[in-house]
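Novice: Quick one: the structure is below, questions incoming.
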Amino acid sequence: MIEFQEAPASLPPGRRVYAVGDIHGCADRLSALHALIAEDLARRPAPAPLLLHIGDYVDRGPDSAGVIAMLCAGPPLPGVPTVNLIGNHEETMLHALAGERAAATDWLYSGGRTALESWGIDPDSPRESWAARIPAAHRAFVQGLALSHREGGYLFVHAGIRPGVPLEAQTREDLLRIRQPFLFTDAELGAVVVHGHTPVKAPVVRPNRIGIDTGAVFGGPLTCAVLEGDVVGFLGV
């Protein structure tokens with residue numbers, strides 16, 4: 001059973017959002033978490049559920065290709081709409097596959113070696129050959145990822161936002177990579193931000209943000225925030 005607590009924002013009646021934190025190639029655990037979500041929906045049906053993944057599907061973990069294959073095959077939960085956000089690791093991957101040499105170097109350094117290997121690609125092979133070795137459907141999925149999503153009093157985005165800047169004026173770089181000053185601000189941000197990007201030992205619930213990257217690839221759980229009405233709870237595997 002999910003233990004719910006008062007949430008810092010709310011969703012309209014009947015709406016329920018399952019927001020999944022950073023996955024990083026942990027395909028088996030993502031499949032197990034989807035099963036837990038399906039069980040919760042079967043036990044507690046909701047009129048308007050939504051499944052959302054917060055980004056960082058690739059790198060570091062053993063099966064980036066498996067994660068992307070799972071998500072681009074269609075909605076993981078039949079009948080439940082899905083929103084997939086882009087993370088900084090997908091952004092770096094796209095730039096690397098487009099031929100940007102600095103991005104390719106950054107990708108290899110930040111976990112891209114294991115991602116390439118999951119597609120059967122030698123990371124030391126010519127960089128210009130990488131894109132053609134990744135299935136076109138996988139590349140199209142990554143290229144089509146959304147930057148943010150708004151629901152009720154929440155803004156879902158991979159990394160966070162810059163305090164003092166209107167939501168509509170936030171930069172792509174900040175939405176994908178910011179840590180400070182976002183993580184330490186107590187300021188009202190225009191919405192409660194649900195984010196990943198910065199690993200924590202347990203989900204963080206603050207008046208202005210909810211952090212759901214619990215470091216699955218580093219030995220922590222893969223976490224899903226369950227948001228409905230004016231409460232929030234968590235599932236994890």
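The values are calculated or read from the model by the stated rules, or taken from the named source; none is laboratory data. None of these values were measured; they are calculated from a predicted model. Note that each Cβ is placed from the backbone with ideal geometry, even for glycine, and that neighbours are counted across all protein chains shown. Quick note on the areas: whole protein, heavy atoms, side chains included, nothing else; ligands and nucleic acids left out. Shrake-Rupley method; radii C 1.70, N 1.55, O 1.52, S 1.80 Å.
This table checks each residue for (1) modelled with pLDDT of 95 or more; (2) touching a Gly at 6+ places or on another chain (Cβ under 9 Å); (3) closer than 29 Å to GLY219 by Cβ.
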position: ASN84; (1), (2), (3): yes, yes, yes
position: TRP107; (1), (2), (3): yes, no, yes
position: SER118; (1), (2), (3): yes, yes, yes
position: ILE121; (1), (2), (3): yes, no, yes
position: ALA131; (1), (2), (3): yes, yes, no
position: PRO135; (1), (2), (3): yes, no, no
position: GLY144; (1), (2), (3): yes, no, no
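Novice: Which of the residues belonging to segment 100-126 are in a helix (DSSP H, G or I) and among the β-branched types (Val, Ile, Thr)?
Specialist: Here is the first cut: in segment 100-126, the residues in a helix (DSSP H, G or I) are 101-118.
Once the filter is applied, which keeps residues that are in a helix (DSSP H, G or I) and among the β-branched types (Val, Ile, Thr), segment 100-126 yields THR105, THR114.
Novice: Condition first: modelled with pLDDT of 95 or more, in contact with a strand residue (DSSP E or B) (Cβ under 8 Å, 6 or more places away or on another chain) and open to solvent by 40 Å² or more (accessible area, probe 1.4 Å). Can you find one or more residues in segment 51-73 that meet it?
Specialist: Looking for residues that are modelled with pLDDT of 95 or more, in contact with a strand residue (DSSP E or B) (Cβ under 8 Å, 6 or more places away or on another chain) and open to solvent by 40 Å² or more (accessible area, probe 1.4 Å), one finds none in segment 51-73, hence no.
Novice: Would you tally the residues in segment 78-88 being over 18 Å from ASP56 (Cα atoms) and surrounded by fewer than 17 Cβ atoms within 10 Å (Cβ to Cβ)?
Specialist: Residues of segment 78-88 over 18 Å from ASP56 (Cα atoms): 78-81.
Keeping just the survivors that are surrounded by fewer than 17 Cβ atoms within 10 Å (Cβ to Cβ) gives 78-79, 81.
Residues flagged as over 18 Å from ASP56 (Cα atoms) and surrounded by fewer than 17 Cβ atoms within 10 Å (Cβ to Cβ) within segment 78-88 amount to 3.
Novice: A further question on this structure: Which residue out of HIS158, HIS138, HIS149 is surrounded by 13 or more Cβ atoms within 10 Å (Cβ to Cβ) and in contact with an Asp or Glu (Cβ under 8 Å, 6 or more places away or on another chain)?
Specialist: Values: HIS138 fails: in contact with an Asp or Glu (Cβ under 8 Å, 6 or more places away or on another chain); HIS149 fails: in contact with an Asp or Glu (Cβ under 8 Å, 6 or more places away or on another chain).
Just a single option satisfies the conditions, and that option is HIS158.
Novice: So which strands (runs of 3 or more DSSP E) are wholly in segment 150-230 and hold at least 1 residues that are among the hydroxyl-bearing types (Ser, Thr, Tyr)?
Specialist: Numbers: elements: 154-157, 192-195, 209-211, 223-228.
By residue number, 154-157, 223-228.
Novice: Related question: Inside segment 176-197, can you point out the residues that are more than 24 Å from GLU228 (Cα to Cα), open to solvent by less than 50 Å² (accessible area, probe 1.4 Å) and under 16 Å from the mean Cα position of the chain (by Cα)?
Specialist: Within segment 176-197, LEU176, ILE178 qualify.
Novice: Given the structure, is HIS149 of a type outside the set (A, V, I, L, M) and in contact with a Gly (Cβ under 6 Å, 6 or more places away or on another chain)? Reasoning before the result, please.
Specialist: Details: of a type outside the set (A, V, I, L, M): yes; in contact with a Gly (Cβ under 6 Å, 6 or more places away or on another chain): no.
Answer is no for this residue.
Novice: Determine, yes or no, whether ALA73 is closer than 24 Å to CYS224 by Cα and touching a residue at least 60 places away in the same chain (Cβ under 8 Å).
Specialist: Numbers: closer than 24 Å to CYS224 by Cα: yes; touching a residue at least 60 places away in the same chain (Cβ under 8 Å): no.
For ALA73, the condition - closer than 24 Å to CYS224 by Cα and touching a residue at least 60 places away in the same chain (Cβ under 8 Å) - is not met.
Novice: While we're here: I'd like the full set of residues that are in contact (Cβ under 8 Å) with a residue 40 or more places away in the chain and open to solvent by less than 20 Å² (accessible area, probe 1.4 Å), limited to segment 89-98. Give the derivation first.
Specialist: First, the residues of segment 89-98 that are in contact (Cβ under 8 Å) with a residue 40 or more places away in the chain: 89-91, 93-94, 97.
Those that are in contact (Cβ under 8 Å) with a residue 40 or more places away in the chain and open to solvent by less than 20 Å² (accessible area, probe 1.4 Å): HIS89, GLU90, MET93.
Novice: Could you list, in sequence order, all residues of segment 25-48 that are open to solvent by 10 Å² or more (accessible area, probe 1.4 Å), within 30 Å of GLY111 (Cα to Cα) and not in a helix (DSSP H, G or I)?
Specialist: Listed by number, the list holds a single entry, CYS26.
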